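Colleague: What follows is a single structure, and I will ask about it in a moment.
The values are calculated or read from the model by the stated rules, or taken from the named source; none is laboratory data. Fair warning: this is a prediction, and the values are worked out from it, not measured in the lab. Every residue, glycine among them, receives a Cβ derived from its backbone with ideal geometry; neighbour counts consider all protein chains shown.
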Amino acid sequence: MQESRGNIQLSSYDDIFGFGDNENGSNNNLDGENGDIGKEKVTDIALSDLYPFKDHPFKVLDDEAMAKTVESIKEYGVLTPAIVRPRSEGGYEIVSGHRRCHASEIAGKETLPCIVRNLDDDAATILMVDANLQRETLLPSERARAFKMKLDAMKRIAGRPSKENASQIGTHLRSDQIMAEETGVSRNQIQRYIRLTNLIPEILDMVDNKQIGFNPAVELSFLDENQQRQLLEAMDFSQSTPSLGQAQRMKKLALNEGITQEDMNVIMSEEKKSDVDRVTLKNDVLKKYFPKSYTPKQMEDTIVKLLDQWQKKRLHDHNIGE
């Protein structure tokens, strides 16, 4: 299938690389790879000879979906082969099929059916990313790293001399524009996701855990590493996370006259609209009343029990007074 872009005929990535993998929880045609896969030789490769893709941005979790995949593999085997490429140091690097490989290990299998393709780094990266971007649930950190890896690979391919540029990407179009057309995600949103890769791991984890919203996180990504470390201290001091408005103000200060730890503490200590009906007890206050070994959950449970006892006493005293 040829796709016309301006005056240049461009092959789609699916046509060039033959992929479309969707690594979800099902083992029934779980990859969604195109018909070309049936024309290639499938080889059973020992799991011990398979290695994960370098800097693979997608997490392989032992969750409910993985458990279902394991059960499916135990009953039916792996229905769709993984795609791998030879490693110069021996063995094979998994391009598509990390979940199937992990599930096969858990299921007690010794080999994994694979298709071996000779792919350069950029082609392998694009295939690996596209194999996973179709998944319904992706963490912000996964999407951010995946977009960055693919866009970097596309830029490298587009910048090669025409004889080496096997992908036929037209340099008159921005790589992120082509990527936007392929993924259905706007160029601006792709760039906003990629900004998240500038966050330190602790803050990026908070984005994944929905403690910090996506829009505030994009603003915070303009803070340098030291400033982000200071922000962690400010969040601990205030026992809160930044709103969009607070993140925007911190970004403005950081990029202009600079921002200090005190500035962050003041901004983070401001009362947010969402906090008006919420009572927050700071760690410094709670630590005076609990052993150091107590976890936040233990503190919360103890406080709730004491409040229950206090409420019962009030009701009892009220009834006696009547």
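Colleague: All but one of (1) buried (at least 20 other Cβ atoms within 10 Å of the Cβ); (2) closer than 19 Å to residue 146 by Cα hold for residue 201, so report the exception by its number.
Modeller: (1)
Colleague: Among the residues that make up the range 254-261, is at least one of them over 25 Å from residue 147 (Cα atoms) and either buried (at least 17 other Cβ atoms within 10 Å of the Cβ) or in the same structural domain as residue 120 (by TED's automatic domain parsing) (or both)?
Modeller: yes
Colleague: I'd like to know if the range 80-98 contains one or more residues that are part of a helix (DSSP H, G or I), within 25 Å of residue 148 (Cα to Cα) and modelled with pLDDT of 95 or more.
Modeller: Step one: filter the range 80-98 for residues part of a helix (DSSP H, G or I), giving 98.
Right, trim to within 25 Å of residue 148 (Cα to Cα) and you get 98.
From what's left, modelled with pLDDT of 95 or more: 98.
For the range 80-98, residues part of a helix (DSSP H, G or I), within 25 Å of residue 148 (Cα to Cα) and modelled with pLDDT of 95 or more: present.
Colleague: Now for a separate question. So, in the range 126-149, exactly how many residues are in a helix (DSSP H, G or I) and within 15 Å of residue 97 (Cβ to Cβ)? Before you say what the answer is, go through the steps one by one.
Modeller: First, pick out the residues of the range 126-149 that are in a helix (DSSP H, G or I): 126-133, 140-149.
From what's left, within 15 Å of residue 97 (Cβ to Cβ): 127-132.
The total comes to 6.
Colleague: Could you list all residues from the range 260-300 that are within 20 Å of residue 207 (Cβ to Cβ) and modelled with pLDDT of 85 or more?
Modeller: Once the filter is applied, which keeps residues that are within 20 Å of residue 207 (Cβ to Cβ) and modelled with pLDDT of 85 or more, the range 260-300 yields 264, 267, 268.
Colleague: Output the residue which, of all residues in the range 99-117 that are part of a strand (DSSP E or B) and of a type outside the set (Val, Ile, Thr), is surrounded by the fewest Cβ atoms within 10 Å (Cβ to Cβ).
Modeller: Among those that are part of a strand (DSSP E or B) and of a type outside the set (Val, Ile, Thr), it is 113.
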